[in-house]
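Written out below as structure tokens is the structure these notes cover.
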Amino acid sequence: MTTQPSGQRVAVITGPSGVGKGTLVRRLLQRHSEIWLSVSATTRSPRQGEQEGRDYFFLSRPDFEQRIADGDFLEWAEFAGNLYGTPRQSVQRHLEQGPVLLEIELEGARQVRQSLPAALQIFLAPPSFAELERRIRCRGTDSETAIARRLDGAREELAAAAEFDAVLVNGDLEEALVQLERLLDLG
Ligand code: 5GP
């Protein structure tokens with residue numbers, strides 16, 4: 001991520017549920033502490049171990065809707081029955097200090113494409129659909145219905161991969177990490 005006009009120091013990473021976005025982003029941040037990962041707001045309940053302000057800002061739906069009305073979000077979307085959004089002000093504040101990374105779903109990435117066209121948009125894809133299904137099933141936390149819903153969502157997201165500036169295949173984590181660093185100009 002180079003020091004260029006507004007938006008160019010923002011990178012967006014999107015990919016279907018189960019592709020390993022979270023793990024890849026965590027590894028990237030361990031190696032590059034100068035990158036700031038945006039903390040989103042959401043109406044979903046915290047999962048075990050998640051902390052307010054570190055993983056998400058957990059809001060009630062009315063509070064979230066008020067913040068939409070106030071124009072507080074750079075982008076927001078509904079995903080699996082919950083609302084998710086990127087707080088505009090904190091992104092602007094952190095951009096003055098260094099590169100900013102947004103880990104968001106497809107609709108949000110599309111909105112950022114409109115509002116920050118210079119942001120680098122990266123799509124993280126699985127090596128194959130069968131492998132994605134295997135990873136989702138391996139988590140062992142979802143019912144058959146939830147798995148089917150995730151797989152439908154994944155099909156839709158994968159169909160949009162060509163909209164992105166770069167498609168990164170997450171087969172081997174370390175290899176994907178090196179490619180991501182290259183894309184972000186991190187050497
Ligand atoms: P999870 O509930 O598993 O943490 O996240 C569900 C999905 O919401 C993931 O695809 C994640 O990337 C996406 N997401 C997280 N924060 C945001 C956000 O601020 N905006 C949008 N559009 N998607 C988000």
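The values are calculated or read from the model by the stated rules, or taken from the named source; none is laboratory data. These numbers come from a predicted model, not from an experiment. Methodologically, a virtual Cβ is constructed for each residue, glycine included, from the backbone with ideal geometry; neighbour enumeration extends over all protein chains shown. Heads up: the accessible areas ignore ligands, DNA and RNA and are worked out on the full protein's heavy atoms, side chains in. Shrake-Rupley method; radii C 1.70, N 1.55, O 1.52, S 1.80 Å.
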Report task. Could you check how much of the accessible area of the chain is carbon and sulfur, as a whole percent, using a 1.4 Å probe? Result -> 48
Report summary line: Summing -39500 (n - 2.57) over every DSSP H run of at least 4 residues in the chain and dividing by its residue count gives a helix-only mean residue ellipticity at 222 nm, to the nearest 500 deg cm²/dmol, of -12500 deg cm²/dmol
Query raised in the report: Tell me, how many Å apart are the Cα centres for the range 153-187 and for the range 24-38?
Result: 15
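Around Ala77, what is the net charge, scoring Lys/Arg as +1 and Asp/Glu as -1 over all other residues with Cβ under 11 Å from its Cβ?
Result for the neighbourhood of Ala77: -3.
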Report task. Set the Förster radius R0 to 35 Å, insert the Cβ-Cβ distance between Arg137 and Gln30 as r into 1/(1 + (r/R0)^6), and round the FRET efficiency to 0.05. Result -> 0.80
Report summary line: The base-10 log of I(q)/I(0) that the Debye equation returns for the range 70-144 at q = 0.16, 0.18, 0.20 Å⁻¹, one scatterer per C-alpha, is -0.75, -0.87, -0.97
Report task. Could you size up the charge dipole of the chain around its Cα centre, putting +1 on the beta carbon of Lys and Arg and -1 on that of Asp and Glu, and report it in debye to the nearest 20? Result -> 240
Query raised in the report: For Arg137, what charge total do you get from the other residues with a beta carbon under 13 Å from its beta carbon, if Lys and Arg give +1 and Asp and Glu give -1?
Result: 0
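Per residue, how much accessible surface does the chain expose to a 1.4 Å probe? Answer in Å², no decimals.
53
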**Report entry** Rg/Rh (Cα only; Kirkwood hydrodynamic radius) as it applies to the range 10-183
**Finding:** 0.94
Report task. Report the residues of the range 93-118 in range of a label on Thr23: point 7 Å along Cα→C-beta, backbone N strictly under 19 Å from it. Result -> 103-104
**Report entry** Of Ser90, Ser128, Ile147, farthest towards positive along the dipole that unit charges on Lys, Arg, Asp, Glu beta carbons give the range 1-157
**Finding:** Ser128
